[in-house]
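First comes the structure, then the notes that go with it.
The values are calculated or read from the model by the stated rules, or taken from the named source; none is laboratory data. Because the structure is predicted, anything quoted here is derived from the model rather than measured. All Cβ positions, glycine included, derive from the backbone under ideal geometry; neighbour counts span all protein chains shown. For the accessible areas, the whole protein counts, side chains as well, though only heavy atoms, and no ligand, DNA or RNA atoms are used. Shrake-Rupley method; radii C 1.70, N 1.55, O 1.52, S 1.80 Å.
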Amino acid sequence: MAEIERESMEYDVVIVGAGPAGLSAAIRLKQLDADLSVVVLEKGSEVGAHILSGAVLDPCGLDALIPDWKEKGAPLNVPVTEDNFYMLGEAGKIRVPNFPMPPLMNNHGNYIVSMGNVCRWMAEQAEALGVEIFPGMACSELVYGDAGEVKGVVAGVFGLEADGTYGPNTEPGMELHGKYVFLGEGVRGSLSKEVIAKYDLARDAEPQKYGLGMKEIWEIDPAKHREGTVTHTMGWPLGKNAGGGSFIYHLENNQVYVGFVVHLGYANPYVFPYMEFQRFKHHPMVAELLEGGKRVAYGARAISEGGYQSMPKMTAPGVALLGCSVGMVNVPRIKGNHNAMLSGKAAAEAAHAAIAAGRASDELTEYEADVREGAIGKDLKKVRNVKPLWSRHGLLASLMVGGLDMWTNTFGFSVLGTLKHGKSDAEATEKADQHQPIDYPKPDGKLSFDRLTNVAFSFTNHEESQPAHLKLKDPTLPVAVNLPEYAGPSARYCPAGVYEFVGEGAETKFQINFQNCVHCKTCDIKDPLQNINWTVPQGGDGPNYPNM
Ligand SMILES: Cc1cc2nc3c(=O)[nH]c(=O)nc-3n(C[C@H](O)[C@H](O)[C@H](O)COP(=O)(O)OP(=O)(O)OC[C@H]3O[C@@H](n4cnc5c(N)ncnc54)[C@H](O)[C@@H]3O)c2cc1C
């Protein structure tokens, strides 16, 4: 193929991803020096379109970044007023009292927010400071300099032919070069994955672990709505099949976020995370809340769960990984937005100092030190053993031993040291002949819905003439190995019904309905053969979440 000619633009800092991490970095850079040139590139059709985390936000990140956020009209309108935690059985529930919980689990002072709206507001703040933000611009490639450093990204390639080649209608995109490139792509970022592999950044880290988070927004009967109430549950319906739990957050306007996280380290390939979520809504406690209401939006996204011991090295020449591109979620708190913001701020401060000192395209080691030794490291270190305990010994042990460990960590020590995760989520998947199929009840169309009906409520759209952005390294493996040995798990772990085995016997084909993809990245994580590579489709494609 002939060399592709592209225009290029030079910036001080190029930021990939308008999530809380990327936007915080952009804001902080311009706060420190209004003359720095900063660009943010976002694959969603608008800022917030791909942000799923309808969230309880710990405002400590925002406090550090924009201390007068209240006066500036940040959409943090619903303080948490009530915090409930339940262990569920099939028909009953046991309330876990708040007093034995370590202080870090307390949601007092936090807010129920739409993170999509928080990001939209942050983008306004950034633009007011002079940051250039380009939504609808997917960054599909990294650009390397002569010394092997990351020099920039390619963004804005549109109209590829169906076979992935350049045709007469292809727009080749632009190269955006920066003294530093920040990757704020969130969980399992595609460029971040390339950087981590190229520079072997994960060599001293435990494997990253993930959950699949699925969420619906419901408008419920006003008589049942209790603004500010936060409820978390564990237990039913997951049982021994997988770890995970639910969240129910009452926000404004009689709306409720109903979400469910399934840890992707499950062994049984018959587990169907989406159907676990749908089944959960039939628990009497949830059904009673939702009956008479309607689901107005649906989405899904992976969540990083490896925590402190899974964070890879965060810098390589010319590039820094931010937020959940590193994996900064505090798992027992199910919170990562505050750390994403703090990491963006820390990276910006390191880059600002480096540029002021005349440096460019080297490693921002000061950023990594700040993350590991500062507020983010402290937040994550305290809870580092909860996830490995849960994966190895189940829910009860993680609650009791993990709870005790969190308490002792509050006072600065742990009797357990740092536990390892061991296997990646892909490696944890066992062969189908070691497990029994699971019988999931059919959705009733009132409380529970089939996947394709729900995907319509993610408002996902992909230009059909482009090549599938879900690439198989070896196209023969799904039918030759995944199906006979693992019972075709992609047909179940994908929360958007992208993967299907169609036909029978020798006629069986593997079909990728990439148009449905909600960009959760679960396939890239959970495929036992690591044969699926999630790459970015053209900008503007994917979900269009409203106020998730
Ligand atoms: C179901 C669920 C519930 C959660 N609940 C909470 C909660 O209650 N509280 C909390 O604090 N945290 C919560 N989290 C965690 C939180 O969502 C993350 O920690 C946070 O989103 C990380 O921020 P980020 O900026 O690193 O990445 P993201 O928020 O994922 O943002 C990344 C952005 O980069 C864009 N992008 C990615 N790749 C490219 C590319 N190549 N080119 C251009 N753009 C790109 C994406 O479209 C996206 O807009 C939850 C997560 C999930 C999945």
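In plain terms, the chain is cut at each of the chymotrypsin sites (Phe, Trp or Tyr not before Pro) found in a DSSP loop with at most 12 other Cβ atoms within 10 Å, and the longest leftover piece is 1-410. Proximity of backbone amide H atoms, modeled 1.01 Å from N, is registered between ASN84 and VAL230, THR231, HIS232 at under 5 Å, excluding neighbours fewer than 5 places apart on the same chain. Considering only ALA356, LEU342, VAL331, the residue lying farthest towards the positive end of the dipole of region 321-384 is VAL331, judged by Cα position with unit charges set on Cβ. One chain, two ends: ASP362 and GLU90. Fully extended at 0.36 nm per residue, the span grows by 92.4 nm beyond their Cα-Cα distance. Rounded to 0.05, the FRET efficiency of the ARG203 and ARG392 pair, given R0 = 30 Å and the Cβ-Cβ distance, is 0.80.
Going by Cα centres, region 1-33 and region 164-197 are how many Å apart? One Cα centre to the other: 11 Å. The accessible-area ordering, largest first, of the residues VAL56, VAL502 stands as VAL502, VAL56, per a 1.4 angstrom probe. The accessible surface of the chain, taken with every protein chain in place and a 1.4 Å probe, is 53 percent carbon and sulfur. When only Cα pairs below 8 angstrom with a gap of at least 6 residues are kept, region 85-159 shows a relative contact order of 15 percent. Mean residue ellipticity at 222 nm, helices only, the chain: -7000 deg cm²/dmol; runs of at least 4 DSSP H residues each add -39,500 (n - 2.57), and the sum is divided by the number of residues. Taking a straight Cα-Cα cut-off under 16 Å and skipping sequence neighbours fewer than 8 places away in the same chain, the lysines within cross-link reach of LYS420 are LYS209, LYS381, LYS382, LYS387. Structural descriptor for region 1-152: relative contact order 33 percent, calculated from alpha carbon pairs under 8 angstrom and at least 6 residues apart.
Given R0 = 56 Å, the distance between the Cβ atoms of GLU127 and MET101 translates into a calculated FRET efficiency of 0.90. Within the chain, antiparallel bridges make up roughly 70 percent of the DSSP beta bridges whose residues both belong there.
Given +1 at the Cβ of Lys and Arg, -1 at the Cβ of Asp and Glu and no other charges, the dipole of region 262-316 around its Cα centre is 200 debye to the nearest 20. Considering only the Cα atoms of region 269-337, their convex hull presents on average a projected area of 7.7 nm². Ligands, DNA and RNA excluded, the heavy atoms of SER414 present near 30 Å² of accessible surface to a 1.4 Å solvent probe. For LYS240, the aspartates and glutamates whose Cα falls under 18 Å of its own Cα, not counting residues fewer than eight places away in the same chain, are GLU90, GLU276, ASP425, GLU430, ASP433, ASP439.
The phi torsions of region 124-132, fed into the Karplus equation with coefficients 6.51, -1.76 and 1.60 and a -60° offset, translate into couplings of 4, 5, 5, 5, 5, 8, x, 6, 8 Hz, rounded to whole numbers, with Gly and Pro shown as x. The shape of the chain can be summarised by an equivalent ellipsoid whose semi-axes, obtained from the alpha carbon gyration tensor, come to 33, 29, 23 Å from longest to shortest. For region 459-494, which trypsin sites (Lys or Arg not before Pro) are both in a DSSP coil and crowded by at most 12 other Cβ atoms within 10 Å? Here the trypsin sites (Lys or Arg not before Pro) that fit, given the DSSP loop and packing criteria, are LYS473.
When you restrict to C-alpha pairs under 8 Å that are six or more residues apart and normalise by the size of region 273-378, the relative contact order lands at 24 percent.
Dipole magnitude for the chain: about 1980 debye, using +1 per Lys or Arg Cβ and -1 per Asp or Glu Cβ, origin at the Cα centre. Each Cα pair of region 134-274 feeds into the Kirkwood radius, which the Stokes-Einstein equation turns, at 25 °C and 0.890 mPa s, into a diffusion coefficient of 126 µm²/s.
Each residue was assigned an accessible area with a 1.4 Å probe, and for LYS423 the value is about 110 Å².
Of the GluC sites (Glu not before Pro) in region 262-359, which ones lie in a loop per DSSP and count no more than 14 other C-beta atoms within 10 Å? When the GluC sites (Glu not before Pro) of region 262-359 are filtered for loop state and at most 14 Cβ neighbours within 10 Å, GLU291 remain. Counting only Cβ charges, +1 for Lys and Arg and -1 for Asp and Glu, the dipole size of region 1-57 around its Cα centre is about 380 debye.
When the GluC sites (Glu not before Pro) in region 458-548 are filtered for DSSP coil states and for at most 11 other beta-carbon atoms within 10 Å of their beta-carbon, the remaining sites are GLU464, GLU504. For region 255-279 and region 480-506, what is the separation of their Cα centres, given in Å? Value for the Cα centre distance between the two parts: 18 Å. Between region 408-463 and region 352-394, the alpha-carbon centres lie 26 Å apart. For region 232-291, the percent of C-alpha pairs falling in each 10 Å distance bin, counted from 0 to the bin holding the largest distance, reads 21, 52, 22, 5, 0.
Run the Debye formula on the Cα coordinates of region 1-101, all scatterers equal and no solvent, and tell me log10 I(q)/I(0) at q = 0.22 1/Å. With one equal scatterer per Cα and no solvent, log10 I(q)/I(0) is -1.27.
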